[in-house]
Amino acid sequence: MRRIMPPALDHIDSWIFDLDNTLYAPSAKLFDLIDARMGAFIMRLLNVDAVEARRVQKRYFHDHGTTMAGLMRHHGVHPEDFLVDVHDIALDRLTVDTRLRAGLGRLPGRKLVFTNADADYAARVLEARGIADLFDGICDIRVTRYTPKPDAAAYEMMVAHLGVDPAKSLFVEDMARNLTPAKALGMTTVWLDNGSESGHRGHLPDHVDFHAIDIADWLDSLPSPWGIS
């Protein structure tokens, strides 16, 4: 029997997911480890204390999309030095999520990752969550030439790299501002409003097609056979 998608999603053949705080919950506090390494990197680079490093870090994150983009622009930091350093963390805070795995497995078409992190780190996260084999490709910060979301150029490079048709693609993100360029390309958007830091920043209701709190819950909420009947 041919599977039938719910009307709002029956055109989707590419399911694109952000990584951090999307394919795992912010409650895992994995990003706290990355945050700490970012702060230490800035302290060494600028010879400042932890308070000033935090101020610089968050200002660059808000102004440039990522802390790294701000450090590259204002301090000439080589992106690879930063990426390798800040993602050198243990992933033992992550666990295999069988419900998430089942929900992703029910989706037709390709499952893809679009992240401001690097692909090596992304692959480790997917493996730790027990879902690596379900994904067909990753577009990382190297592919986008270190241009981060929400810069529109990053989305154009993602579309070309992953070979997706925006009109047949769905994008899931915890950062509301990162949905706007996806919507402009014609993608269906899902805002994962799960309490991640500054997740509500730049929220424009017209750019959000689906509002979700938990990714596994949202997948389960899709009408059978795509969700739990």
- Filter result for residue 125 (over 28 Å from residue 204 (Cα atoms), at pLDDT 95 or above and out of contact with any Lys or Arg (no Cβ under 8 Å at 6 or more places or on another chain)): yes
- Does residue 201 satisfy the condition of being open to solvent by 40 Å² or more (accessible area, probe 1.4 Å), under 27 Å from residue 86 (Cα atoms) and modelled with pLDDT under 95? yes
- Item | Odd one out for residue 146 among (1) out of contact with any Ser or Thr (no Cβ under 8 Å at 6 or more places or on another chain); (2) open to solvent by 20 Å² or more (accessible area, probe 1.4 Å); (3) over 22 Å from residue 179 (Cβ atoms) | (3)
- Based on what the data block shows, is residue 151 open to solvent by 40 Å² or more (accessible area, probe 1.4 Å) and touching a residue at least 60 places away in the same chain (Cβ under 8 Å)? yes
- Hey, which of the strands (runs of 3 or more DSSP E) in the stretch 108-223, taking only ones fully inside, have at least 3 residues that are more than 26 Å from residue 98 (Cα to Cα)? none
- Item | Residue list for the stretch 28-65, restricted to those being of a type in the set (Gly, Ala, Ser), touching a residue at least 60 places away in the same chain (Cβ under 8 Å) and either open to solvent by 40 Å² or more (accessible area, probe 1.4 Å) or assigned to a helix (DSSP H, G or I) (or both) | 28
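Looking at residue 108, is it at pLDDT below 95, over 16 Å from the mean Cα position of the chain (by Cα) and in the same structural domain as residue 177 (by the TED database)?
Considered against the rule, which asks whether it is at pLDDT below 95, over 16 Å from the mean Cα position of the chain (by Cα) and in the same structural domain as residue 177 (by the TED database), residue 108 comes out as yes.
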- Residue that is open to solvent by 50 Å² or more (accessible area, probe 1.4 Å) and of a type outside the set (Lys, Arg), where the choices are 193, 140: 193
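The values are calculated or read from the model by the stated rules, or taken from the named source; none is laboratory data. None of these values were measured; they are calculated from a predicted model. Positions of Cβ are generated from backbone atoms using ideal geometry, with glycine treated the same way; all protein chains shown enter the neighbour counts. Surface accessibility is based on the protein's heavy atoms, side chains included, excluding ligands, DNA and RNA. Shrake-Rupley method; radii C 1.70, N 1.55, O 1.52, S 1.80 Å.
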